[in-house]
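Report on one structure; see the data block that follows.
What follows draws every value from the coordinates through simple rules; no lab data is involved. Computed from a predicted structure; not experimentally measured. We place every Cβ from the backbone using ideal geometry, glycine too, and count neighbours over all the protein chains shown.
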Amino acid sequence: MLDIKFIRENKDIVQAGAKKKHIDIDIEALLVLDDNRLKELKEVEDLRSEVNKVSNDIARDQDPALKKQLIDEMRAVKEEIKGKEEKLKTIMEEWQKLMVQVPNVPDMSVPDGESDEENVEVRTWGDKPQFSFTPKNHVELMLAHDMADYERGSKVAGFRGYFMKNDGARLEWALMRYVEEKFMDKEGFTPMIVPSLLRREPFMGTGYLPQSEEDLYKTQDSDYLAGTAEVSTMGYYMNEIIDKKDLPIKFFSFSPCFRREAGSHGKDTKGIFRIHEFLKYEQVILSEASHETSVKLHEEITANAEAMLQELGLPYHVVVNCGGDLGLGQVKKYDIEAWMPSEGKYRETHSASYFHDFQTRRLSIRYKDENGKLYFAHSLNNTALAMPRIICQIVENYQQADGSIKIPEVLRKYMGDREFII
RNA sequence: GGAGGCGUGGCUGAGUGGUUGAAGGCACUGGUUUCGAAAACCAGCAUUGGUGAAAACUAAUCGUGAGUUCAAAUCUCACCGCCUCCGCCA
């Protein structure tokens with residue numbers, strides 16, 4: 001959610017921002033509605049003011065006849081208010097509906113473009129492996145080593161169901177222990193295990209609803225399953241006021257994640273790259289309301305992720321997402337994509353975004369500065385490590401001519417000090 | 001799932017229809033005092049929206065939403081949350 005005052009004063013910027021994100025919204029129409037809203041609000045408030053005043057007179061006045069007269073008068077005014085309130089309510093509903101659709105303004109440095117195909121590479125790291133043989137894809141490799149069972153997965157869990165097995169399960173646990181140790185020692189990060197089964201409010205607050213209703217699983221109690229720990233972690237301080245000296249607040253959150261993948265039925269239908277249920281560690285930050293601080297922290301959480309990919313020895317590149325590939329609230333986003341030999345391209349493992357106060361305004365997360373003044377905090381997030389997806393890149397990049405898979409050095413101690421999956 | 005109780009400002013805690021946005025206390029801020037501090041004393045101290053250059057004025061907010069009333073923290077209903085007891089269960 002943007003501040004209506006900001007929208008009023010910067011309507012051209014907001015409209016241009018929406019265009020850059022390829023989101024169709026008429027800011028001018030919103031402002032006309034807003035004028036109308038203010039006019040009706042004023043009328044209702046003036047009438048209420050009159051009622052308040054006279055009500056006090058009634059309380060004070062002892063003359064019964066005069067009392068009765070005033071009460072009758074106010075009864076009439078009340079009727080008038082009722083009618084106007086009805087009108088205002090209708091306007092407000094329309095206003096709210098439009099307001100939650102207004103996208104945050106993307107940063108100047110965000111490239112133009114419609115889809116992820118127009119994201120721009122900003123840097124690459126690592127040497128892509130050269131194979132003297134035809135490399136297998138992760139689906140085949142994991143099957144060959146009995147690291148996953150897709151058939152029984154879909155028998156039991158349906159489309160995109162899977163079991164992780166043997167060294168597949170061990171590798172996933174190894175990654176979990178690795179990333180936990182990595183962040184446990186990292187200064188400032190509070191580790192949290194967070195809920196995934198959530199009410200509607202945190203989804204509205206983070207900007208996943210109302211737009212992405214069809215991407216979320218919903219229960220018969222009208223709760224939703226979160227696709228990322230970001231949702232509940234951001235909800236943690238919902239409707240609260242934070243002391244400025246506690247900022248930035250950094251969370252290292254773990255949760256199961258659930259995604260319907262409604263818009264991607266044909267994509268990545270084999271294996272464990274795109275699945276309905278997985279485990280993810282997420283970095284979430286609340287910071288002071290400063291663009292510079294947001295930018296700095298954005299680079300920091302991106303660097304945290306890159307450091308791990310480097311230790312895991314996975315070649316990757318970082319892309320800055322184009323306007324059309326940004327979410328409603330995102331100001332800027334980097335996707336980190338690791339090399340996938342079987343596809344001859346990079347595939348996403350991490351996604352780092354910052355939002356300014358878009359989410360915190362919806363969630364009402366504020367902080368108080370030295371002078372007691374209140375501000376909406378800024379928020380950011382990035383994947384820490386998402387499982388089992390990253391195993392796809394690990395097994396593909398580390399496959400050997402003899403069919404074995406080399407275990408990344410940093411994970412060996414969690415895999416019984418072995419060098420290979422044979 | 002059943003029975004009962006409760007939800008007031010940063011905290012604590014009064015307040016069952018009428019100048020109550022809300023007593024008192026704590027905390028916090030400023031001042032007096034002091035070499036300095038503590039204590040004491042004095043003063044200040046909610047948020048959001050609107051109008052306004054500002055001062056100020058105005059509306060809303062006592063879990064949330066509806067309702068009754070000229071007037072609601074106070075009465076009614078629904079929902080949410082918390083607590084206690086019973087049942088069930090990891």
On a 0 to 90° scale, report how tilted helix A:291-312 is relative to the longest principal axis of chain A, with both axes built from alpha carbons and the result rounded to the nearest 10.
20
Hey, with R₀ at 30 Å, roughly what FRET efficiency would residue A:270 and residue A:197 work out to, going by the Cβ-Cβ distance, to 0.05?
0.55
What nm value, rounded to one decimal, do you get for the distance between residue A:12 and residue A:244 when each label is placed 7 Å out toward the C-beta?
3.3
Using Cβ counts within 10 Å as a stand-in for footprinting exposure, how do A:298, A:378 rank, fewest first?
A:298, A:378
Normalised by the residues of chain A, what does the relative contact order come to in percent, with Cα pairs under 8 Å and at least six apart?
20
If R0 = 35 Å, then residue A:214 and residue A:364, at their Cβ-Cβ distance, give a FRET efficiency to the nearest 0.05 of 0.85
Could you tell me how many degrees, from 0 to 90 and to the nearest 10, lie between the Cα long axis of helix A:166-184 and the main elongation axis, the longest principal axis, of the Cα atoms of chain A?
50
Determine, for A:347, A:260, the number of other Cβ atoms within 10 Å of each Cβ, and report the residues in order from fewest to most.
A:260, A:347
What pairs in A:20/A:87; A:97/A:218; A:19/A:368; A:21/A:267; A:280/A:413; A:39/A:333 have C-alpha atoms more than 27 Å from each other?
A:20/A:87; A:19/A:368; A:39/A:333
Quick check: the angle from helix A:11-20's long axis to the longest principal axis of chain A, C-alpha only, nearest 10 degrees?
30
Summed side-chain charge close to residue A:408 - residues other than residue A:408 whose Cβ falls under 14 Å, Lys, Arg +1, Asp, Glu -1:
0
Listing A:139, A:102, A:122 by rising number of other beta-carbon atoms within 10 angstrom, fewest first, gives A:122, A:139, A:102
For residue A:79 and residue A:154 in one chain, what is 0.36 nm times their gap in residues minus the Cα-Cα distance, to one decimal in nm?
20.8 nm
Separation of alpha-carbon centers, segment A:260-319 and segment A:1-21, rounded to whole Å:
27
Gyration tensor (Cα only) of segment A:280-397 to equivalent ellipsoid, semi-axes in Å sorted down, yields 32, 14, 11
What's the FRET efficiency of residue A:38 with residue A:299 using the Cβ-Cβ distance as r and R₀ = 51 Å, to the nearest 0.05?
0.80
Put +1 on the Cβ of every Lys and Arg and -1 on every Asp and Glu Cβ in segment A:1-150; which of A:6, A:18, A:56 then has its Cα farthest towards the positive end of the dipole?
A:56
Relative pair counts by distance (%), Cα atoms of segment A:8-160, 10 Å bins:
8, 17, 14, 15, 15, 11, 8, 6, 4, 1, 0
Assuming a viscosity of 0.692 mPa s and a temperature of 37 °C, what translational diffusion coefficient in µm² per second does Stokes-Einstein assign to chain A, Rh being the Kirkwood radius over Cα pairs?
135
